[in-house]
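Asker: This structure is in structure tokens; I'll ask about it shortly.
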Amino acid sequence: MSRVKEGIRQKKDGHYELPLQFKKDNPADLASKEASAAQLKDSCWLKGPDFLWQPNLSVKHIIVKVDDPDPELRKAHVHTVKAENTNPLISRHSKFSAWSRAVKAVARLKKCVRRRSGGQVWTDQTTNLKERRKAEFFIIKLTQEEAFADDIKKIKCNRAEKLGKRNKLYRLNAYLDANNILRVGGRLSQSALHHDVKHPAILPRKSHVSDLIVKYHHERVDHQGRGMTMNEIRANGIWILGCGSIVSSHIYKCVPCRRYRRTTEVQLNSPSRNSQMNDIVILKDECTPRNEWKLATVVEAQPGRDGMVCKLKLVLSETSVDKGKPHTRLINLERPIHKIVTLVEAN
Ligand SMILES: [Zn+2]
């Protein structure tokens with residue numbers, strides 16, 4: 001194909017023409033032209049191009065140069081894909097829905113590895129506070145390494161000033177402690193506060209670990225508001241970037257908070273009395289004005305399974321004038337309870 005491209009030339013009428021050696025070897029070229037039976041017999045139409053009958057095909061590497069304005073050139077779009085290596089332990093954290101369970105699982109895992117490497121047999125012993133605290137920092141460190149990989153490299157090489165003034169870590173005066181955990185710097189270094197409170201560990205805004213920590217501390221303060229939850233997180237030595245909005249978003253989605261903070265329900269007025277026999281009622285009629293609604297007497301009121309009357313049997317008297325004499329007749333009918341208004345109660 002590349003050889004064909006090399007020899008193609010454009011004619012004056014805008015069409016393209018194949019070079020002569022390709023025309024001879026191209027059986028399809030014969031189909032578009034007039035040829036006698038004798039010519040066809042010796043042509044490549046029946047036996048194929050000559051080079052296919054040779055025992056060894058000659059391989060010739062040709063560099064093809066195609067001009068950009070070639071209208072027959074198909075434009076290809078190439079997408080670049082950037083693959084990011086994620087730590088498998090970080091992706092495993094998304095399986096946990098509670099921070100305490102994630103910490104316990106990592107602490108037990110680390111304990112198991114330690115025992116195995118020391119040649120000891122695994123026992124069902126629970127982890128202690130120190131081990132769980134170490135596991136917390138281990139998870140935080142992994143999360144930081146994933147989220148702030150480039151920034152940590154710069155801080156390690158003492159090039160923190162290259163972070164850029166818009167970088168949040170630059171504004172927090174972030175530094176790496178002895179355990180390589182990214183912490184907030186700042187002016188509180190001389191204060192008497194605990195080290196973790198003075199220099200909290202920094203966590204990214206969009207991270208499952210950050211969400212778990214917000215959920216854990218929000219539940220620890222018994223579903224109190226945004227300020228109390230944020231204070232609890234910071235008092236435990238953690239600084240989440242954009243913490244306020246994450247906490248607000250969590251409280252908005254928190255089921256107990258939605259239940260506690262919803263508006264007070266208004267009690268519906270339930271009927272104080274069931275309709276009874278001999279009640280005088282007015283029949284609602286949407287098609288006539290209210291002052292023309294008719295009166296009726298209840299003759300039967302059967303309560304349903306819930307003890308409430310839903311349907312009434314009524315009788316009403318209708319008077320008509322025939323030849324100057326009034327005629328009164330009784331009409332029996334059934335009405336649902338919501339279609340009547342009680343006027344006079346029987347008792
Ligand atoms: Zn809540």
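The values are calculated or read from the model by the stated rules, or taken from the named source; none is laboratory data. Since the structure is predicted, the reported quantities are computational estimates derived from the model, not experimental observations. When we count neighbours, we look across all protein chains shown, and the Cβ atoms used for this are built from the backbone with ideal geometry, even at glycine.
Asker: Within the range 282-301, is even one residue at positive phi, of a type outside the set (V, I, T) and either loosely packed, with under 13 Cβ neighbours inside 10 Å or assigned by TED's automatic domain parsing to the domain that holds I139 (or both)?
Answerer: The answer is no, given that none of the residues of the range 282-301 is at positive phi, of a type outside the set (V, I, T) and either loosely packed, with under 13 Cβ neighbours inside 10 Å or assigned by TED's automatic domain parsing to the domain that holds I139 (or both).
Asker: List the pairs whose first member sits in the range 201-225 and is over 24 Å from N179 (Cβ atoms), whose second member is of a type outside the set (F, W, Y) and outside any helix (DSSP H, G or I), and whose Cβ atoms are under 7 Å apart, counting only residues at least 6 apart or on separate chains?
Answerer: Sorted first by the residue in the range 201-225, then by its partner, the pairs are H218/C254; H223/C254.
Asker: Out of (1) more than 16 Å from the ligand (Cβ to nearest atom); (2) exposed (fewer than 14 other Cβ atoms within 10 Å of the Cβ), the odd one out for G244 is which?
Answerer: Single failed check for G244: (1).
Asker: Which of the residues that make up the range 78-115 are touching a residue at least 12 places away in the same chain (Cβ under 8 Å) and basic (K, R)?
Answerer: K104, R108, K110, K111
Asker: Let me ask something else. Go through the range 215-238 and give me each residue that's crowded, with 16+ Cβ neighbours inside 10 Å, away from the ligand (no atom under 16 Å from the Cβ) and more than 19 Å from A102 (Cβ to Cβ).
Answerer: Result: R234, single match.
Asker: Collect the residues in the range 319-335 that are closer than 18 Å to D285 by Cβ and in contact with a Leu (Cβ under 8 Å, 6 or more places away or on another chain), keeping them in residue-number order.
Answerer: I331, N332, L333, E334, R335
Asker: Determine which single condition A149 fails, assuming it passes every other condition in (1) at pLDDT below 90; (2) crowded, with 18+ Cβ neighbours inside 10 Å.
Answerer: (2)
Asker: Kindly indicate whether any position in the range 251-263 is away from the ligand (no atom under 16 Å from the Cβ) and more than 30 Å from L212 (Cα to Cα).
Answerer: no
Asker: Pick out the one residue from S275, S317 that is assigned to a strand (DSSP E or B), away from the ligand (no atom under 16 Å from the Cβ) and not acidic (D, E).
Answerer: S317 is the lone residue from the list that is assigned to a strand (DSSP E or B), away from the ligand (no atom under 16 Å from the Cβ) and not acidic (D, E).
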